[in-house]
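Contents: one structure, followed by commentary.
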């Protein structure tokens with residue numbers, strides 16, 4: 001089974017167990033992005049009616065500070081420019097039966113010249129984030145470069161309070177239960193203004209002070225910090241953050257990893273503080289969420305989505321957190337990774353931005369076939385709700401299904417309308433993606449990878465011919481051994497990707513998360529897969545043993561740790577395995593590891609992943625995991641079960657290749673009927689198997705009713 005999630009009881013709108021409920025009733029959040037201030041006021045009704053005709057259930061609305069502020073503390077909400085009457089627009093949405101999601105910033109991006117901020121905010125040098133050299137950190141973004149802001153300064157929150165004081169009372173008047181406003185986004189894609197690189201930002205003096213407070217909170221006393229860093233220290237205030245990676249020894253790791261962890265904390269604390277400000281101003285009975293920017297090519301292999309993002313920790317402050325998805329049909333693996341991670345980690349897997357139309361600066365924007373395939377792939381891999389960005393065309397965005405005057409592009413509209421109708425008619429929100437295997441990324445290794453980057457490439461999501469990216473990747477990460485057999489910061493990625501590929505090719509349905517996920521949420525899974533090297537977090541070592549001793553299967557490797565995350569001796573896991581009964585694990589008469597029997601479960605130590613599919617299949621042979629099989633390894637399958645216990649399930653089968661595939665699909669249980677619900681085609685089912693032909697870049701969606 002997939003892991004259960006703790007419900008965040010912030011009000012009458014509740015996110016939990018992969019669903020969004022309003023006063024106890026399930027809500028289907030299939031939203032369309034509409035930018036009211038970019039549309040003529042007399043076209044609002046026509047635009048909203050066009051959106052309604054495409055079967056959307058909600059409207060997602062950016063509300064830009066930049067568009068409303070006249071001067072500091074003075075705002076226009078329609079008395080000067082009728083397009084800024086947000087209260088009237090919200091009322092118009094409610095009158096048409098739409099639920100509402102608002103995104104009031106303070107930062108919104110939206111391809112606006114000031115990213116949603118008034119120009120005066122960007123011109124205030126006290127608010128500028130600082131580079132490692134102490135200069136202003138500049139976001140090299142379109143439509144033009146802007147200085148990035150520091151979220152560590154008190155002045156930033158004081159200025160934001162003026163905006164929230166103005167906009168939140170309007171929103172509160174429409175918030176459930178008084179209106180249909182159900183969720184509000186706290187800030188937007190907060191990632192140091194795309195300065196993902198650990199040494200890009202923020203070295204503002206207030207951020208450095210916050211870094212030192214973080215160290216004090218983490219270590220408690222100066223002696224513990226000095227011992228970990230292997231240096232003499234007389235005060236926390238003398239600790240300088242690293243400004244580039246120069247580590248050569250294993251004992252250097254905590255210093256750099258702490259900086260990467262602090263960068264996570266910076267985002268958590270700033271977004272959490274903004275959430276408190278919104279709740280204090282009347283938005284305390286609706287769901288609050290955030291959207292991390294999706295990891296972009298070329299720095300976006302599996303497990304590259306953690307540092308500096310910490311989805312699990314942020315959900316301690318918000319109701320749910322999602323990743324945006326902009327992709328092409330040729331990048332199914334990207335959608336699969338991101339959506340599976342959110343489904344394995346979040347209370348409510350929601351895509352705050354799911355591609356529709358094209359950004360004006362896309363070098364290769366794709367078309368409706370990409371939008372169709374990517375949306376189905378997101379649902380297939382676990383997303384339960386979404387906002388299509390941009391459903392309605394506007395300046396700096398084109399080829400959307402609805403034009404800015406309300407006319408519908410019929411050649412695109414059918415795909416959007418049909419997807420929404422199918423999801424509602426077949427009650428996809430009442431299903432949950434199920435998996436018995438959880439593949440964990442190790443957050444400490446990801447922090448090391450983030451901190452050992454050697455090239456400080458500016459944040460920008462225009463891919464460069466060089467292949468460099470603001471995300472760490474094998475081209476930019478140090479290959480220093482740091483005293484280990486291999487560079488963990490590089491090897492951890494390769495091992496994770498081998499496990500990912502092996503699980504996929506062997507037909508195991510699995511979800512992703514990382515070691516920030518509390519061990520209590522591992523328990524519903526039957527097996528964990530985790531890369532381990534010479535060091536491993538002490539808490540993770542103990543949690544892994546506890547999971548196995550209570551009946552679970554753990555697959556780890558290639559190394560057994562003998563150190564903890566601070567490089568102190570810790571052989572907890574190694575000692576437990578050494579004292580347990582061991583049997584060899586072989587593939588094709590070659591020993592690739594060992595099976596250790598612990599309590600009621602097992603730990604498999606894989607030392608060799610030359611054949612990932614065979615190795616993982618053999619390692620998981622003792623797990624009675626439900627599997628849906630197809631007869632072609634190019635296909636991917638996922639299963640979604642009804643949470644009401646009816647036995648109904650929906651099986652997705654993706655053909656992410658450029659060739660037609662004739663597939664045999666077997667769900668492993670006898671079915672009385674199977675219907676392909678996109679085309680409404682009954683399948684000829686024998687037992688639990690059927691045949692279908694899948695065209696290139698298509699996803700078959702099959703509703704199955706097992707014999708009970």
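The values are calculated or read from the model by the stated rules, or taken from the named source; none is laboratory data. The model shown is predicted, which means the values in this text are computed figures rather than measured ones. Ideal geometry is used to build each Cβ from the backbone, glycine not excepted, and the neighbour counts take in all protein chains shown.
Of these, 101, 47, which one is assigned to a helix (DSSP H, G or I), buried (at least 23 other Cβ atoms within 10 Å of the Cβ), out of contact with any helix residue (DSSP H, G or I) (no Cβ under 7 Å at 6 or more places or on another chain) and assigned by TED's automatic domain parsing to the domain that holds residue 352?
Numbers: 101 fails: assigned to a helix (DSSP H, G or I).
It is 47.
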Limited to the range 223-236, what total is found for residues that are touching a residue at least 12 places away in the same chain (Cβ under 8 Å), more than 26 Å from residue 487 (Cβ to Cβ) and in contact with a helix residue (DSSP H, G or I) (Cβ under 6 Å, 6 or more places away or on another chain)? 1
What is the number of the single condition among (1) outside any loop (DSSP other than H, G, I, E, B); (2) not assigned by TED's automatic domain parsing to the domain that holds residue 669 that residue 624 does not meet? (1)
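Out of curiosity, is residue 313 in a helix (DSSP H, G or I) and at pLDDT 95 or above? Reasoning before the result, please.
Working: in a helix (DSSP H, G or I): yes; at pLDDT 95 or above: yes.
Yes.
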What's the number of the condition residue 602 fails, among (1) touching a helix residue (DSSP H, G or I) at 6+ places or on another chain (Cβ under 7 Å); (2) outside the structural domain of residue 540 (by TED's automatic domain parsing); (3) in a strand (DSSP E or B)? (2)
Residue that is surrounded by the most Cβ atoms within 10 Å (Cβ to Cβ) [pool: residues in the range 391-409 that are within 15 Å of residue 62 (Cα to Cα) and in contact with a helix residue (DSSP H, G or I) (Cβ under 7 Å, 6 or more places away or on another chain)]: 392
Got a number for residues in the range 110-127 being surrounded by fewer than 21 Cβ atoms within 10 Å (Cβ to Cβ) and either within 15 Å of residue 191 (Cβ to Cβ) or touching a residue at least 60 places away in the same chain (Cβ under 8 Å) (or both)? 1
If you scan the range 13-42, which residues turn out to be in contact (Cβ under 8 Å) with a residue 40 or more places away in the chain and assigned to a loop (DSSP other than H, G, I, E, B)? 17, 18, 23, 28, 29, 34, 35, 39, 40
Output the residues belonging to the range 50-80 that are in a loop (DSSP other than H, G, I, E, B), in contact (Cβ under 8 Å) with a residue 24 or more places away in the chain and either out of contact with any strand residue (DSSP E or B) (no Cβ under 9 Å at 6 or more places or on another chain) or on the phi < 0 side of the Ramachandran plot (or both). 54, 56, 57, 63, 64, 72, 73, 77
Being assigned by TED's automatic domain parsing to the domain that holds residue 413, touching a residue at least 40 places away in the same chain (Cβ under 8 Å) and surrounded by fewer than 20 Cβ atoms within 10 Å (Cβ to Cβ) narrows it down to one residue among 107, 95, 133; which is it? 133
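Can you go through 10, 60, 2 and tell me which one is buried (at least 22 other Cβ atoms within 10 Å of the Cβ), at pLDDT below 95 and under 23 Å from the mean Cα position of the chain (by Cα)? Give the steps one after another, and end with the answer.
On the way: 10 fails: buried (at least 22 other Cβ atoms within 10 Å of the Cβ); 60 fails: at pLDDT below 95.
Step by step, each of 10, 60, 2 is checked, and only 2 is buried (at least 22 other Cβ atoms within 10 Å of the Cβ), at pLDDT below 95 and under 23 Å from the mean Cα position of the chain (by Cα).
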Residue 585 passes all but one of (1) surrounded by fewer than 19 Cβ atoms within 10 Å (Cβ to Cβ); (2) over 34 Å from the mean Cα position of the chain (by Cα); which number fails? (1)
Looking at 573, 577, can you tell me which residue is farther than 30 Å from residue 330 by Cβ, within 31 Å of the chain's Cα centre (by Cα) and not assigned by TED's automatic domain parsing to the domain that holds residue 697? 573
In the range 136-165, residues that are surrounded by fewer than 18 Cβ atoms within 10 Å (Cβ to Cβ) and within 21 Å of residue 87 (Cβ to Cβ) total 3
What number of residues within the range 118-161 satisfy the criterion of being within 17 Å of residue 66 (Cβ to Cβ), assigned to a loop (DSSP other than H, G, I, E, B) and touching a helix residue (DSSP H, G or I) at 6+ places or on another chain (Cβ under 6 Å)? 1
Kindly list the number of the only condition in (1) modelled with pLDDT of 95 or more; (2) in a strand (DSSP E or B); (3) more than 24 Å from the chain's Cα centre (by Cα) that fails for residue 663. (1)
Looking at residue 608 and the list (1) without any contact (Cβ under 8 Å) to a residue 60 or more places away in the chain; (2) touching a helix residue (DSSP H, G or I) at 6+ places or on another chain (Cβ under 8 Å); (3) surrounded by 21 or more Cβ atoms within 10 Å (Cβ to Cβ), which single condition is not satisfied? (3)
